[in-house]
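Take a look at the structure below.
The values are calculated or read from the model by the stated rules, or taken from the named source; none is laboratory data. All values derive from a computational prediction rather than experimental measurement. No Cβ is skipped: glycine too gets one built from the backbone with ideal geometry, and neighbour counts run over all protein chains shown. SASA here: full protein model, heavy atoms, side chains in, ligands and nucleic acids out. Shrake-Rupley method; radii C 1.70, N 1.55, O 1.52, S 1.80 Å.
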Amino acid sequence: MVHNVLGIEAILANGDEVRVDGGWPDDGAPHRAIADGMRRIAQRERDAIAEMYPHVLRRVGGYNLDIFAPQSERPYTEDGSVNLAHLLVGSEGTLAYFKRITLQLAPLPTHKTLGVVNFPTFYQSMDLTRHIVGLRPAAVELVDRTMIDLSRRNPAFRPVIERALVGEPEAILLVEFAGEDRAATERGLAQLVELMADLGLPGSVVEMPEAGPQKALWEVRKAGLNIMMSMKGDGKPVSFIEDCAVPLEHLAEYTSRLTEVFHKHGTRGTWYAHASVGTLHVRPILDMRRDGAAKMRAIAEEAAAMVREYKGAYSGEHGDGICRGEWVAWQFGPSLNRAFEEVKALFDPDNRCNPGKIVRTPRMDDATLFRFPPGYTVKPLVPALDWSAWNVTRDPVTELESAPGTGLDPARGLAAAVEMCNNNGHCRKFDAGTMCPSYRVTRDEQHLTRGRANTLRLALSGQLGPDGILDPAVKDTLDLCVSCKGCKRDCPTGVDMAKVKIEVRAAHARAGNLRVRDRLVAWLPRYAGMASRMPWLFNLRDSIPGLPQLSERLLGISARRSLPRWQAAFVDERYVPKPGASTDTSKEVVLFVDTFNNHMEPENARAAQRVLERAGYTVHLSAVPGERPLCCGRTFLAAGLVDEAKAEARRALDALLPFVSRGVAVVGLEPSCLLSMRDEFLQYGYGDAARTLAANAFLFEEFLVREHAAGRFAPTLNTIGKSRAMLHGHCHQKAFDAVRPIEQVLGWIPGLKAELIESSCCGMAGSFGYEAEHHDASMRMAELSLLPAVRKAGDDALIVADGTSCRHQIHDGAQREALHVARVLEMAMR
């Protein structure tokens, strides 16, 4: 970074705005006295700078006083001139605040190839790095065994990491070659394969010459820290020596000795590194609630001694901050430490700018700064859902994890699940994915996955007061959570805020805090049959002037919303099952018709049945003769009525188990309903029955893609008079990586090109968008990208959305009809 900074426009502590760059300040400039004082300090400390500054490329400790006499492997400037901006780089906001930075840009390389080297031992990966660097690659990055295993647990990362492995390596190195000449990058990759064979590891390189697989694997590597923090149990990888840098020739010996230090203290380290420059991101696994602080101090002292022995840097690239600040004096000695205090005083005499960093810092084990302060305890709580998977212990050395429910969490795993949030801030991103729609429209930390997790942690530990998760602060922070499950997939540590919200709503339900509106929505599946028999009555609200306003005053249902239209049910208690069981279960299927597609949009269920039957399938419907149709219980979960949701799940299991136990797939239309079988049903304690159903539950398009790949679904499809299909994926489809199958199915239709709308949540989110107090937030979510994209689409484009709420939002917000993919496919089969 520092070598690419040409100039900085900064705001000094007294409010003066200055520009620092390669020119010396003019007489009378606000920062001339500062610059002159800096030069005097650097000249006085010239010998100490030459002796104490680490001679490594990656070093950000203290202040860059060596700009006057560079000590790095690479000088600050090519011509040896002094650029005062380089002193501000890495100052961590302690000297000035940056308003604008001028950077030296370089063109991105046109071509890249990637070789993934698999190593049977961690030591070999470190020892052989120096040979690999001789090939002059653009990057050499380490991924250790712990990160490999944790990546495999993340559904988004599992297929990516497994494509890079040969057997069961203890570590891999990602070696990239880049440049303007494609042939040169390919030669580099070939040389890497040859080199590893010469070094005794033939067949150890997975070659990735194409951009797609490279990008996917680099995304996993980029998320390395957060992936490591997804480790369950009270022990977590702790940051305090993760930024050391040592000369490359000492890398293997340093890592080996540091591993011995970890073992001596009863733990192990998680490693990832910029191996080519000797910067090691290692975090020992410590339980900071118990004896972690003492071990942290002991390990830091031994690691520091080794870094000094190898003439490395204690702060390589992440800075000093709080946890490494006290080591600045150790790294640079008392004379330079006093010089750093003088530098701070020149820029910030009143100590206003980020005090307590780099100079006059707290001790790294100051317990008052800990996330879990002394005496931290979770209050006992019996949750409504099963959180036992998080309530485990984990041996940091053997990596053995205890059975679910055997951990130390008094909240039976709920607190441990909340504490998985490590404040990494991935939920603050806006570039892609779903997480976090409420933050995207409010920009308020309160309405962010991280803000919610921190609030819940305080509540569960009694720090908000005696009410625990019933505290008003918890209700407020969850108010705009739309239960999109984006964090379940996008959060590297797997925080599942949608599930946590169910738990909080369940506590409110037990306390009698449900409103009439909540009950109306929750019990909808129970009265839906009556509504379908009298749609003229239940549809009056949108037909008579004044009723929308009355419904808002009495029930809190927004008058600005139309309501779904009730229709005659597709299937009801008069359902007669098809006689007998087919002898060919591969052409037999159960169509799970949810409450919404059954009573409000039955045309979707009819279309799905026709498509399947025309393809030769025997279609059973999700109903029991003489009983109301089956339901997933999703509406009860939204209200926190977990027992009612479990009762619905039990009904569904009893009816569907005879089919799935003999391999018949259950196919659903509404993502939030069908995917409950692969998520919430597994939290109810129904054991193997729930797992069997989950393994055989598919969304309509998922099932068709599976059948098409097996050669069982190959209908003749015709053009439909449209050339484009604009596709919006339901949030739960995104959370379960189930959007691509829709694109594949649409791609089978001749002349139709599917285009995915890059969007977060549509904002309707079940009943959320109908609620008067949430209508504006709902529309702002939709206006981020979904509605503008729909409005921009021409008449030649179909709008495709599988979610009933999504379709309603598109109808209300853009006055366009969105179709379920089943209806589009039916059109193509006519």
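Of the strands (runs of 3 or more DSSP E) entirely within the range 714-830, those holding at least 3 residues that are open to solvent by 20 Å² or more (accessible area, probe 1.4 Å) occupy 753-756. Looking across the range 700-741, the residues that are within 14 Å of residue 667 (Cα to Cα) and in contact with a strand residue (DSSP E or B) (Cβ under 6 Å, 6 or more places away or on another chain) come down to 700, 703, 738.
Among the conditions (1) out of contact with any Cys (no Cβ under 6 Å at 6 or more places or on another chain); (2) in contact (Cβ under 8 Å) with a residue 12 or more places away in the chain; (3) open to solvent by less than 20 Å² (accessible area, probe 1.4 Å), residue 551 misses just one, which is (2). Checked against the criterion of being farther than 26 Å from residue 536 by Cβ, of a type in the set (Phe, Trp, Tyr) and surrounded by fewer than 24 Cβ atoms within 10 Å (Cβ to Cβ), the range 590-598 has no qualifying residue. Please find, within the range 215-231, the residue that is nearest to the chain's Cα centre (by Cα) out of those that are farther than 19 Å from residue 169 by Cα and in a helix (DSSP H, G or I). Among residues in the range 215-231 that are farther than 19 Å from residue 169 by Cα and in a helix (DSSP H, G or I), the one nearest to the chain's Cα centre (by Cα) is 226. Checked against (1) in contact with a Gly (Cβ under 9 Å, 6 or more places away or on another chain); (2) closer than 25 Å to residue 262 by Cα; (3) among the hydrophobic types (A, V, I, L, M, F, W, C); (4) outside any helix (DSSP H, G or I), residue 416 passes all but condition (4). Only one entry of 625, 658 meets the criterion of being at pLDDT below 95, farther than 30 Å from residue 470 by Cβ and open to solvent by 40 Å² or more (accessible area, probe 1.4 Å), and that entry is 625.
Quick check: is even one residue across the range 597-613 outside any helix (DSSP H, G or I), touching a residue at least 60 places away in the same chain (Cβ under 8 Å) and of a type in the set (Asp, Glu)? There is at least one residue in the range 597-613 that is outside any helix (DSSP H, G or I), touching a residue at least 60 places away in the same chain (Cβ under 8 Å) and of a type in the set (Asp, Glu). In the range 660-673, the residues that are in contact (Cβ under 8 Å) with a residue 40 or more places away in the chain form Cβ pairs under 9 Å with partners that are outside any loop (DSSP other than H, G, I, E, B) and among the basic types (Lys, Arg), at six or more places apart or across chains, as follows: 665/706; 670/634; 672/634; 673/634. Restricting to the range 1-29, name every residue that is closer than 14 Å to residue 99 by Cβ, in contact with a strand residue (DSSP E or B) (Cβ under 6 Å, 6 or more places away or on another chain) and open to solvent by 20 Å² or more (accessible area, probe 1.4 Å). Selection gives 9, 11, 17, 19, 21. Number of residues in the range 260-280 that are of a type in the set (S, T, N, Q), open to solvent by less than 10 Å² (accessible area, probe 1.4 Å) and either at pLDDT below 85 or out of contact with any helix residue (DSSP H, G or I) (no Cβ under 9 Å at 6 or more places or on another chain) (or both): the value is 1. In the range 143-195, of all residues being surrounded by fewer than 20 Cβ atoms within 10 Å (Cβ to Cβ), among the aliphatic types (A, V, I, L, M) and modelled with pLDDT of 95 or more, the one that is nearest to the chain's Cα centre (by Cα) corresponds to 165.
Of the helices (runs of 4 or more DSSP H) lying entirely inside the range 472-533, those containing at least 3 residues that are closer than 27 Å to residue 594 by Cβ and touching a Leu at 6+ places or on another chain (Cβ under 7 Å) span 497-510, 516-522. Screening residue 560 with (1) under 30 Å from residue 436 (Cα atoms); (2) modelled with pLDDT of 95 or more; (3) not in a loop (DSSP other than H, G, I, E, B) gives one miss only, at (3). Scanning the range 81-115 for residues that are open to solvent by less than 50 Å² (accessible area, probe 1.4 Å), polar (S, T, N, Q) and within 30 Å of the chain's Cα centre (by Cα) turns up 91, 113. Scanning the range 30-50 for residues that are surrounded by 14 or more Cβ atoms within 10 Å (Cβ to Cβ) and in contact with an Asp or Glu (Cβ under 8 Å, 6 or more places away or on another chain) yields 31, 32, 37, 41, 42, 49. Exactly one residue out of 283, 297, 257, 363 is in a strand (DSSP E or B) and either open to solvent by 10 Å² or more (accessible area, probe 1.4 Å) or out of contact with any strand residue (DSSP E or B) (no Cβ under 7 Å at 6 or more places or on another chain) (or both), and it is 283.
Scanning the range 71-87 for residues that are of a type outside the set (A, V, I, L, M, F, W, C) and touching a Gly at 6+ places or on another chain (Cβ under 9 Å) yields 77, 81, 83.
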